[in-house]
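*Asks:* Please find one structure pasted underneath; my questions will follow.
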Amino acid sequence: MKIFALVASREAESNTLEVVQEIRDCFVAYGQQIEMNIFTPNDYVLDFSSKPRDAFIYGTKISEESKTDDYSFLKKKMEESDLFIFATPTYYSNVSSDMKLFIDRYCHLAHLFYFAGKPFISVVTSDGAGHTQVSSYLKVFGDGLGLVRIGETFKIKNSIRSGDDVSEVVKRAIHYYKNPRDLKPSANMEMGFLHWKKQIQKQPPYFSEYEHWEKHGMFSCTSLQDYFLKLGEMNE
């Protein structure tokens, strides 16, 4: 199993990183062979986009033209992964600035359900407040990417761990890795799929979003679940 973990904390002794490492150790304890890439902002460079709208029109081409940062490198790592982990500390009821930059750079993929049919885990740490809002925000991002959240875990300072138990989340991840057809999109994801299908059908055919939906047969799918099944058949 290949795992992509984005830990949006620069701290050397990060509580957020500690939780993600605990998840990694749990996979190992269950005897799983994993290739886990854990990235913190100290490991990569992402530039701010001066024209964020262009990525929605011209797609990844506009982002990949720049050789000054690691956009393409991180995207390739995500494309190769079976499981995603998005982890962030809470800053004033919001994600860290590094997580926000990551979301800003890859949010154009969220109209495409680009990683459809793959599971993800959210990890949020906090000094005591705002963590539920942050976790909900990560889910919205994951929903758009086509990632199904199979667990959310929190680590609150001077408090008992809350949310889903790490060992239970890892068990779910193992199950869905072995039984990918069991992974179902949520109702919100289905609503999002129908919304974007309607909107993107109105776009000029040369828009990258239209091209992506057409190329991958998404317009012919009646639901996101239908698209999940289509992808599953292609990967068998």
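*Asks:* Tell me, what ³J(HN,Hα) does each residue in region 12-19 have, in order and in whole Hz, if you take phi through Karplus 6.51 cos²θ - 1.76 cosθ + 1.60 with θ = phi - 60° and put x for Gly and Pro?
*Replies:* 5, 10, 7, 5, 5, 4, 4, 5
*Asks:* If the cut-off is 21 Å between C-alpha atoms, which lysines fall inside it for residue 184, apart from same-chain ones fewer than 8 positions away?
*Replies:* Once the sequence-local lysines are set aside, what remains near residue 184 is 2, 118, 139, 171, 197, 230.
*Asks:* Starting from the Kirkwood Rh over alpha-carbon pairs, what translational D in µm² s⁻¹ does the chain have by Stokes-Einstein at 20 °C and 1.002 mPa s?
*Replies:* Rounded, D is 117 µm²/s.
*Asks:* Considering all alpha-carbon pairs of region 126-216, what whole percent are spaced by more than 19 angstrom?
*Replies:* I get 57 percent for the Cα pairs in region 126-216 exceeding 19 Å.
*Asks:* Hey, another quick one. For region 68-80, in order, what is each residue's ³J(HN,Hα) by Karplus, 6.51 cos²θ - 1.76 cosθ + 1.60 with θ = phi - 60°, in whole Hz (x at glycine and Pro)?
*Replies:* 8, 9, 9, 3, 5, 4, 5, 4, 5, 4, 5, 4, 7
*Asks:* Find the centroid of the Cα atoms in region 102-154 and in region 171-234, then give the distance between the two in whole Å.
*Replies:* After rounding, the separation between the Cα centres reads 17 Å.
*Asks:* Mind listing the long-range amide H neighbours of residue 91? Cut-off is under 5 Å, sequence gap 5 or more, other chains count too, H placed in the peptide plane at 1.01 Å from N.
*Replies:* 96
*Asks:* Among the lysines, select those whose C-alpha is under 21 Å from the C-alpha of residue 51, and discard any that sit fewer than 8 residues away in the same chain.
*Replies:* 61, 67, 75, 100
*Asks:* Step through the residues of region 211-221 one at a time and calculate ³J(HN,Hα) from phi using the Karplus curve (6.51 cos²θ - 1.76 cosθ + 1.60, θ = phi - 60°), rounding each to whole Hz and writing x for Gly and Pro.
*Replies:* Residue by residue, region 211-221 yields 4, 5, 4, 5, 4, 9, x, 6, 5, 7, 7 Hz.
*Asks:* Which trypsin sites (Lys or Arg not before Pro) in region 1-63 pass both tests, a DSSP loop state and at most 14 other beta-carbon atoms within 10 Å?
*Replies:* Qualifying residues, ordered by number: 10.
*Asks:* Something else now. Search the structure for amide H atoms under 5 Å from the amide H of residue 116, placed 1.01 Å from N in the peptide plane, and list their residues when 5 or more places away or on another chain.
*Replies:* none
*Asks:* Using modelled amide H (1.01 Å from N, peptide plane; none on Pro or chain starts), what sits under 5 Å from the amide H of residue 82, excluding residues fewer than 5 places away?
*Replies:* Here 2, 3, 4 satisfy the definition.
*Asks:* Let me ask something else about it. To make sure I understand, if each residue's beta carbon is the centre and we count other beta carbons within 10 Å, what order do 57, 85 fall in, fewest to most?
*Replies:* 57, 85
Taken together, the values in this text are just the output of simple stated rules run on the coordinates, not laboratory data. Bear in mind the structure is a predicted one, so any value in this text is a computation, not a measurement. Positions of Cβ are backbone-derived with ideal geometry, glycine not excepted, and every protein chain shown enters the neighbour counts.
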